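What follows is a single structure, written as structure tokens, with notes after it.
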Amino acid sequence: MKILTATLTLILTLAAGSVSFAQCPQSDCCGTHHCNACDNGSHAKRRHHNSNNDYLVSDFKVYYRGQVVEGATASSFSVIGEGYAKDNFRVFYKGQKIDGATASSFTLLGCGYAKDSFRVFYKGKKI
């Protein structure tokens, strides 16, 4: 009975339009759903938060767990996954810039590993 009640409550809430989830239309986005009720539908002001809400771009600044990510360019910022993110110029791991990483070729390999054209990284450290 509790499951049925919770399901019906969710359906009614979504039908009423008080909570709206939409896939981000921008190709550089993190690929997760965004709550339009949280940002009044303004993609330019608030976007790129992953399921753990670690990264957030809001008011033209980038945040990681509530702290400003120094040096990040909000307009080109995208979350890669597993703590990694990048903008057009820099790569970040858990909000910290990765020195020596090339943003244009940086890709996630999985299990904490990532690479660019020249180096391999594990949990944000060059190996």
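When region 91-107 is filtered for residues that are open to solvent by 60 Å² or more (accessible area, probe 1.4 Å) and either closer than 27 Å to Gly66 by Cβ or of a type in the set (Phe, Trp, Tyr) (or both), the ones remaining, listed by number, are Lys94, Gln96, Lys97, Asp99. Evaluated against (1) touching a helix residue (DSSP H, G or I) at 6+ places or on another chain (Cβ under 8 Å); (2) at pLDDT below 95; (3) open to solvent by 80 Å² or more (accessible area, probe 1.4 Å), His33 falls short on exactly one condition, (1). Figure legend. Inter-residue proximity from region 106-127: first residues charged (D, E, K, R), second residues open to solvent by less than 80 Å² (accessible area, probe 1.4 Å) and part of a strand (DSSP E or B), beta-carbon distance below 7 Å, spacing 6+ or different chains. Indicated pairs: Lys115/Thr107; Lys115/Phe121; Lys123/Tyr93.
The values are calculated or read from the model by the stated rules, or taken from the named source; none is laboratory data. From a predicted model like this one, the values you see are computed outputs, not experimental measurements. When we count neighbours, we look across all protein chains shown, and the Cβ atoms used for this are built from the backbone with ideal geometry, even at glycine. Side chains included, ligands, DNA and RNA excluded: accessible areas come from the protein's heavy atoms. Shrake-Rupley method; radii C 1.70, N 1.55, O 1.52, S 1.80 Å.
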